[in-house]
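The values are calculated or read from the model by the stated rules, or taken from the named source; none is laboratory data. Owing to the predicted nature of the structure, the values given are computational and were not obtained by experimental measurement. Glycine gets a Cβ as well: all are built from the backbone with ideal geometry, and neighbour counts include every protein chain shown. These accessible areas exclude ligands, DNA and RNA; they are computed on the full protein's heavy atoms, side chains included. Shrake-Rupley method; radii C 1.70, N 1.55, O 1.52, S 1.80 Å.
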Amino acid sequence: MNEPVIAHRRPSSFRYYRDGPPDVVHLGKWRLRITGAGVTEEVLDYEALKAFPHVIQDRRMVCVCNWSVRHRWGGVLLSTLLAEVGWNPDRSGAFLRQTSLGTMEKGTYSSTVRIIPAIERDALLVDTVDDRPLPLERGFPLRLVDFALYGYKGVKGLTSLDVTDRFDRGYWEDRYGYDKEGLIRPKRYRACDLGHMILAETPGEIGQI
Ligand SMILES: Nc1nc2c(c(=O)[nH]1)N[C@H]1C(S)=C(S)[C@@H](COP(=O)(O)O)O[C@H]1N2
Ligand SMILES: [Mo]
């Protein structure tokens, strides 16, 4: 995991380092397409997404480059959306491949997570942060976050979710051999919100701090 050193000083410059936020997203044209093995294909527009129950979660997100931040994240539970498309652990794919809108110049960003643990951990399709719509660079209009996993496992500027039988490698896994699982490791992280280092004592979500 050789991350450039600048990550420790300026986490913001590392938040969109693959594709970059799109210059603009037209909400009227934006769609979330859910497809894949053993689910009913569905294409949701923003209004349809907003019709699902909106939950707020106060949780810490952690980047593999050793910084973290706690926010009030708002959105739709992944379990809600998967129930909507008829995902069933017995006959649907076990993995979820997420793909971003991306940019013309740099292409898209993708990552795949395990569905069952994500559901059990109340993974969230986030559309607000600290009670405001996500800014473009934070992933407007939608991003997935599983808080037990490093940030690179959650795609910002999300436009498609594909249920699959394969645990595909995503951008960073392919390119730099990042761990496909992406489970947060016990060690010290900089808490940007607190302005000091914190110690994660167990693998997975940093819940208490
Ligand atoms: N589309 C897209 N999503 C992405 C990334 C990216 O480069 N492109 N970076 C990931 C990484 S490495 C992290 S740590 C988080 C950063 O989220 P933040 O902007 O809310 O800090 O977004 C993740 N999702
Ligand atoms: Mo990251």
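With r as the distance between the Cβ atoms of SER79 and ARG185 and R0 = 22 Å, compute the FRET efficiency 1/(1 + (r/R0)^6) and round to 0.05.
With a Förster radius of 22 Å, E is 0.30.
Once you place label points 7 Å from the Cα toward the Cβ at ASP168 and MET104, how far apart are they in nm?
2.4 nm
Could you give the length gained by full extension between VAL43 and ARG91, i.e. 0.36 nm per residue of separation minus their alpha carbon distance, to one decimal place?
The span from VAL43 to ARG91 would gain 15.2 nm if fully extended.
Could you pull out the GluC sites (Glu not before Pro) across segment 14-113 that fall in loop regions by DSSP (anything but H, G, I, E, B) with no more than 14 other Cβ atoms inside 10 Å?
Listed in order of number, the matching sites are GLU41, GLU105.
Work out Dmax and Rg for the chain from the C-alpha atoms and quote the Rg first, both in angstrom.
16.2, 46
Given a 1.4 angstrom probe, I'd like the percentage of the accessible area of the chain that is carbon and sulfur, rounded to a whole number. Mind dumping the intermediate values first?
Working: 4940 of 9980 Å².
C and S fraction of accessible area: 49 percent.
Each residue of segment 73-81 in turn: what ³J(HN,Hα) in whole Hz from Karplus with 6.51, -1.76, 1.60 and θ = phi - 60°, glycine and Pro shown as x?
Listing the rounded values in order: 9, x, x, 9, 4, 4, 4, 4, 5 Hz.
Long-range amide H contacts for MET197: which residues qualify at under 5 Å (H placed 1.01 Å from N, peptide plane, sequence gap of 5 or more or a different chain)?
Distant-sequence amide H within range of MET197: ALA191.
Under 8 Å for C-alpha pairs, at least 6 residues apart: give me the relative contact order for segment 30-103, rounded to a whole percent.
This gives 32 percent for segment 30-103.
Percent relative contact order of the chain, based on C-alpha pairs within less than 8 angstrom and at least six residues apart?
Value for the chain: 24 percent.
Suppose the chain between TYR176 and ASP193 were pulled fully straight at 0.36 nm per residue; how much longer would it get relative to their current alpha carbon spacing? Can you show the working numbers first?
Values: separation 17, 0.36 × 17 = 6.12 nm, distance 2.82 nm.
Answer, rounded to one decimal: 3.3 nm.
Please list 3J(HN,Hα) in residue order for segment 194-209, calculated via the Karplus relation 6.51 cos²θ - 1.76 cosθ + 1.60 where θ = phi - 60°; whole Hz, with x for glycine and proline.
Computed from phi, the couplings for segment 194-209 are 9, x, 8, 7, 10, 10, 8, 8, 10, x, x, 4, 8, x, 7, 8 Hz.
Take every Cα pair under 8 Å in segment 101-190 that's 6+ residues apart, average their separations, divide by the length, and report that relative contact order as a whole percent.
So the answer I get is 29 percent.
Within straight cross-link reach of LYS29, meaning Cα distance under 22 Å, which lysines are found once same-chain residues fewer than 8 apart are removed?
Those lysines meeting the cut-off are LYS50, LYS106, LYS156.
If you roll a 1.4 Å probe over the heavy atoms of the protein chains, what accessible area per residue do you get for segment 106-149, in Å²? Before the final figure, lay out each step's value.
On the way: 1560 Å² over 44 residues.
For segment 106-149, the solvent-accessible area averages 36 Å² per residue.
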